[in-house]
Ligand code: AMP
């Protein structure tokens, strides 16, 4: 466990905090490279637990479970950004290497910390101000103006915990709507498209970026990704420079997903980053030489990063809730690769799987 010698040799064990679909696809990629995976998740029979060598069923702050995980694993990673900071601190104190590290997690868990960090390293974002009470809300609206978007600092995802302020007079109502929690007020990004770049940094500091993808949301949830996105070389260079700045400043190891707004003149702003494999990178499973899941496992295991060249144009569509019932029809489409997460109940909006539809690069 301690002083894990990198690169990890096949047969080593990788721990993953979180047993959802991202953990499942990471576990499958790890198995292909000859690693065993141990999942820690409070839910028995989680999607990842069912394809891993082992699952520890316990809360993320269960000290006994963390000890067992640390003893079993040569390195630990995670599939979601809301892993408690204390969990990572505890694992580190037990001599366990956790990747990506605590700094990346801390930045990704709090929108004000995240945007302040990006401002510090010269990565462009929308203008923003921190809000914690009515006075700071009024000051933030005076600074940022309206319309503007109020978001909770923590735990917001898929458009949850957000409220638009159309006029200054709406500010208090918007604050009520998000539960008067500590928040960030953001200027509106006047974007034409939402893009993302999935990038990786290895233990030796090597960086590799995938081609950009173009992302379409419905009701705040990713519906469709088209990749490689049609972008100018200048846009690609901007995105890669942004990803490299973030990865280097965080001394990052693993895959990161960086969500971008493309403005009319071609300038990119970062919306947010996720310190993990990302839904907008699922297209790489069938569209690239080495996909984001294997890339992440390679990085945390201290292996060389794999090539990120595209092999096909891919349209990735999430199967939300009952969409998954079309699996038989989808499986019969020759250009469609079906990825299902083994989740039981197809509740409305729940991510049950995705499909990658392939077209040749010359089409
Ligand atoms: P987030 O939870 O920050 O990823 O935001 C969810 C979605 O809300 C994004 O994918 C955008 O479509 C939209 N959004 C977020 N922030 C802004 C902003 N500052 N201006 C305009 N739209 C935004």
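We did not get these values from a lab; they are worked out from the coordinates using the rules stated. Computed from a predicted structure; not experimentally measured. Neighbour counts run over all protein chains shown; Cβ positions are idealised from the backbone, glycine included.
Of the beta bridges DSSP finds with both residues in the chain, what % are antiparallel, to the nearest 5?
80
Rounded to the nearest 500 deg cm²/dmol, what is the calculated helix-only ellipticity per residue at 222 nm for the chain, with -39500 (n - 2.57) per DSSP H run of length n ≥ 4?
When only DSSP H runs of four or more count, the value is -8000 deg cm²/dmol.
Express in whole angstrom the spacing between the alpha-carbon centres of the range 238-265 and the range 10-48.
26
Rank-order 285-291, 37-43, 161-167 by packing density, defined as the average count of other C-beta atoms within 10 Å over each peptide's residues, highest first.
Ranking, from highest mean packing down: 37-43, 285-291, 161-167.
Mean-square fluctuation check for the chain, GNM, Cα pairs under 10 Å: which of 223, 68, 50 is largest?
68
Given a cut-off of 37 Å, what percent of all Cα-Cα pairs of the chain lie beyond it? Can you show the working numbers first?
Details: 12146 of 65703 pairs.
Percentage above 37 Å: 18.
Could you please state, rounded to a whole Å, how far the C-alpha centre of the range 275-309 is from the C-alpha centre of the range 335-363?
18
Rounded, prolate or oblate: pick one for the range 191-359, where a ≥ b ≥ c are the square roots of the eigenvalues of its C-alpha gyration tensor, a/c under 1.5 means rounded, and failing that, prolate if a/b is larger than b/c, else oblate.
prolate
Could you tell me the calculated FRET efficiency between residue 102 and residue 80, based on Cβ-Cβ distance and R0 = 22 angstrom, to the nearest 0.05?
The value I calculate is 0.90.
Taking the number of other C-beta atoms within 10 Å as the exposure measure, put 137, 330 in order starting with the fewest.
Result, fewest neighbours first: 330, 137.
Hey, fewest Cβ within 10 Å first, where do 66, 319, 94 land in order?
94, 319, 66
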